[in-house]
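S.K.: Pasting a structure below so you can have a look.
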Amino acid sequence: MSTTTLSPRAFVTLLLLACMFGANHVAARVAIDHGVDVATAVAVRSLGTAAVVTLLVWMNRLPLALNARQRRAMPVIGLLVAVQSLCLYSAVARIPVGLALLAFNTYPLWTALAAWSIYGHAPERRVLIAMPVILAGLALALDVSGAASGLSAQAQWGRIGVGVGFAVAAAATFGLVLAMTQHSVADVDGRYRTAITMTIVGLLGLAGAFTQGGLHWPNAAPGWWGLAALSLLYGTAFTILFTLLPKLGVVGSSPILNVEPVAALGMAWLLLGQVIAPVQVLGALIVVGAVMVLGLRRRR
């Protein structure tokens, strides 16, 4: 296939989407800091998105039939996305938002690993070259040695270890989701896939919340604003992703969306006062740059 050239409108739209996805996680941190638990945030966000996308499916009269393979795969994908969502919001609750998203941004490596281990597709040479680059950049961004923060490596990992673990678990789970989607349900319309997936995720999040005593609503006004913002931003971004972008000539995901962690770093600095050292910013740019190169490779 030939390389697809983005129109200026599509380019600006993709940048806006990256900022919206990043802002969703900043809003989630605000909500969580004011009484909302992770399960409640996932349930509210996902069920709201499911309602909007289901309406789009109905309005466009999309075919709803699934073959046997797709019927088996979709519940598994929904379960995995629920795990990914819970892990990523748990990471955002524990470490700076941008750093959580950077660790999550290693998902292309996990996608390649899942495709190789499950479906026998050996990673491309570019992926193998990018792996150490991404991991080196991530090590700088997370300040694994503690040098930038003036802490020992042990103290630094005591501070960020759990959050990083959740973010990496989210990346690994999402990588598996992408591999399964490509090999099992790629023929299902993206809007219909999203409606099914978000419904499953929302119901699982709701079930998880009730196992912990019910939904945990905000205890202050900023929490309500955060919960409303994360639901609106996430739902709007997904709606645009699966309705407007195809009309603009964007097929599949774009590497431009991978600027999300950088956008989140800036917003978290402005809104939450989360500051990282210059060397960590350098590491963030290395990770994002390497992932964007891999994304550009997939567009050929």
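The values are calculated or read from the model by the stated rules, or taken from the named source; none is laboratory data. Bear in mind the structure is a predicted one, so any value in this text is a computation, not a measurement. Note that we place each Cβ from the backbone using ideal geometry, even for glycine, and neighbour counts take in every protein chain shown.
S.K.: Looking at Leu55, Leu88, which one is free of Cβ contacts under 8 Å to residues at least 40 places away in the same chain and closer than 17 Å to Tyr234 by Cβ?
M.R.: Leu55
S.K.: When you check Ala167 against the structure, is it under 20 Å from the mean Cα position of the chain (by Cα), farther than 17 Å from Leu47 by Cβ, small (Gly, Ala, Ser) and not in a loop (DSSP other than H, G, I, E, B), yes or no?
M.R.: So Ala167 passes the test.
S.K.: Among residues belonging to region 225-253 that are in contact with a helix residue (DSSP H, G or I) (Cβ under 8 Å, 6 or more places away or on another chain) and over 20 Å from Thr49 (Cβ atoms), point out the one that is modelled with the highest pLDDT.
M.R.: Only one residue fits best here, namely Leu248.
S.K.: Would you mind stating whether Thr194 is among the hydroxyl-bearing types (Ser, Thr, Tyr), modelled with pLDDT under 95 and surrounded by fewer than 19 Cβ atoms within 10 Å (Cβ to Cβ)?
M.R.: Judged against the criteria, Thr194 is not a match.
S.K.: Just for region 254-280: of the residues that are farther than 24 Å from Ala237 by Cβ and surrounded by 15 or more Cβ atoms within 10 Å (Cβ to Cβ), which one is farthest from the chain's Cα centre (by Cα)?
M.R.: In this case the residue turns out to be Ala277.
S.K.: Let me ask something else about it. So, in region 150-178, how many residues would count as being crowded, with 19+ Cβ neighbours inside 10 Å and without any contact (Cβ under 8 Å) to a residue 40 or more places away in the chain?
M.R.: So the answer is 1.
S.K.: Given the conditions (1) buried (at least 21 other Cβ atoms within 10 Å of the Cβ); (2) closer than 29 Å to Tyr192 by Cα, which single one is not true for Val83?
M.R.: Checking Val83 against (1) buried (at least 21 other Cβ atoms within 10 Å of the Cβ); (2) closer than 29 Å to Tyr192 by Cα, the one that fails is (1).
S.K.: Looking at region 5-26, can you tell me whether even one residue there is surrounded by 14 or more Cβ atoms within 10 Å (Cβ to Cβ), in contact (Cβ under 8 Å) with a residue 60 or more places away in the chain and among the charged types (D, E, K, R)?
M.R.: no
S.K.: Looking at Ala186, Ala141, Ala122 in this structure, which one is within 30 Å of Ile276 (Cα to Cα) and of a type in the set (Gly, Ala, Ser)?
M.R.: That would be Ala141, the only listed residue that is within 30 Å of Ile276 (Cα to Cα) and of a type in the set (Gly, Ala, Ser).
S.K.: Within region 170-200, count every residue that is in a helix (DSSP H, G or I) and either of a type in the set (A, V, I, L, M, F, W, C) or farther than 16 Å from Leu241 by Cα (or both).
M.R.: Counting residues in region 170-200 that are in a helix (DSSP H, G or I) and either of a type in the set (A, V, I, L, M, F, W, C) or farther than 16 Å from Leu241 by Cα (or both) gives 20.
S.K.: Under 7 Å by Cβ, and 6 or more places apart or on different chains, what pairs join a residue from region 105-122 that is closer than 17 Å to Gly165 by Cα and of a type in the set (D, E, K, R) with one that is assigned to a helix (DSSP H, G or I) and modelled with pLDDT of 90 or more?
M.R.: none
S.K.: Let me ask you something else. So, restricting to helices (runs of 4 or more DSSP H) that lie completely within region 56-135, which ones have at least 2 residues that are within 20 Å of Ser231 (Cβ to Cβ) and at pLDDT 90 or above?
M.R.: Correct list: 68-92, 97-104.
S.K.: Looking at (1) farther than 15 Å from Ala195 by Cβ; (2) at pLDDT below 95, which one does Ala51 not meet, given that it meets all the others?
M.R.: Against the list (1) farther than 15 Å from Ala195 by Cβ; (2) at pLDDT below 95, Ala51 comes up short only on (1).
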